[in-house]
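The values are calculated or read from the model by the stated rules, or taken from the named source; none is laboratory data. Please read these numbers as outputs of a predicted model, since none were measured by experiment. Reconstructed Cβ throughout: ideal geometry from the backbone, glycine too, with neighbour counts over all protein chains shown. SASA here: full protein model, heavy atoms, side chains in, ligands and nucleic acids out. Shrake-Rupley method; radii C 1.70, N 1.55, O 1.52, S 1.80 Å.
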Amino acid sequence: MKPYNLLIGIDPGKTGAIVYHYTGTQGVEAVKMPKDGHQFRDFLKRIIRPGDKPIVFIERVHIRPTDGKVSAAKFKSHYDNLIFVLETLNLPFVQIVPITWQKGLHIWKKGEEKKDRKNRFKQIAATRHPNLKVFLWNSDALLIWEFGWRQLKSNKSWVLERLPNREKGMF
């Protein structure tokens, strides 16, 4: 038996998504990113059943100097709330910077415009996951989920090294 049975991928942006899949079932599910930490917590409590062993892969965010002060502060606060909820629910999670999952899936291109990149990622996600209706809002989360799934299949040590210390016994 695998140590996890629910794999969750999260694009934490305001227009991002949560993608999840229970092992032994067909396909993945996607929902739009909840508006706040309370809705995020409630959503996780709904999908995590008694006895489930989830693992979460969440895109790590960084604030850029070009980001507006107010919008950057709001986004960072939203992200911190998501991390707080994961910690409060004692869920094992791995934070992944965008370039890591993009290079890991061999889809990264240097210097690409954001709009072009987002549309290309949507097409890639739709091709790789034809049973899910793919939109711009869920394509990154789907690819983050896929990266996590691949890492769990082929490189568990990579995952283990990035889990918070309290979760290292999961493998």
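Given the conditions (1) open to solvent by 60 Å² or more (accessible area, probe 1.4 Å); (2) assigned to a helix (DSSP H, G or I), and given that D140 satisfies all but one, which numbered condition is not satisfied?
Against the list (1) open to solvent by 60 Å² or more (accessible area, probe 1.4 Å); (2) assigned to a helix (DSSP H, G or I), D140 comes up short only on (1).
Within the set of pairs 6+ apart or on separate chains, which have a first residue in the stretch 104-121 that is closer than 26 Å to K153 by Cβ and open to solvent by less than 70 Å² (accessible area, probe 1.4 Å), a second that is assigned to a loop (DSSP other than H, G, I, E, B) and not aromatic (F, W, Y), and C-beta atoms under 8 Å apart?
Qualifying pairs under 8 Å: R117/K109; R120/I107; R120/K109; R120/E112; F121/I107.
Looking at W149, W108, can you tell me which residue is under 19 Å from H21 (Cα atoms) and either touching a strand residue (DSSP E or B) at 6+ places or on another chain (Cβ under 9 Å) or not polar (S, T, N, Q) (or both)?
W149
Quick one: would you say V70 is open to solvent by 90 Å² or more (accessible area, probe 1.4 Å), at pLDDT below 95 and hydrophobic (A, V, I, L, M, F, W, C)?
In short, yes.
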